[in-house]
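Engineer: Shown below is the structure under consideration.
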Amino acid sequence: MVALPVLMSGLEAEMIRLGYKDSTMVWYRGAWRRLQRYFAARGEEEFSLDVAMQWVDEACGFFAKEQAGTLKQTDVGRSPRGVDTLSAG
């Protein structure tokens, strides 16, 4: 697995390379800080999709929305499932 700060740094570099706007990056940096605090509070140092999805579920009721079929693109687009792919590489 990958340490969360290392993963976030690499993800940020890739997003900048892809041309993400500064305003978008501000949003993601804030989300990553909240995610890192969540991990730290649980003693987690490396990325875990299970822990990340717990964070998303607590923040926005992800799994209830998923079961009810009411997920929005913003719920899905900002979930950490894509980050898990990056952490495996």
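Engineer: Kindly write out, for the range 51-62 in residue order, the coupling ³J(HN,Hα) from the Karplus curve 6.51 cos²θ - 1.76 cosθ + 1.60 (θ = phi - 60°), rounded to whole Hz, with x marking Gly and Pro.
Structural biologist: With coefficients 6.51, -1.76 and 1.60, one gets 5, 4, 6, 4, 4, 4, 5, 5, 6, 9, x, 3 Hz.
Engineer: Short version: ³J(HN,Hα) in whole Hz for each residue of the range 30-39, in order, from phi by Karplus 6.51 cos²θ - 1.76 cosθ + 1.60 (θ = phi - 60°), x for Gly and Pro, what are they?
Structural biologist: Working through the residues one at a time gives x, 5, 5, 4, 5, 5, 5, 5, 4, 4 Hz.
Engineer: Could you list SER48, SER23 so that the one with the fewest beta carbons within 10 Å of its beta carbon is first and the one with the most is last?
Structural biologist: Lowest count first: SER23, SER48.
Every number here is computed from the coordinates shown, using simple stated rules; none is lab data. Only a predicted model underlies this, so the values are computations on that prediction, with no experimental measurement involved. Here Cβ is always computed from backbone atoms with ideal geometry, including for glycine, and neighbour counts include all displayed protein chains.
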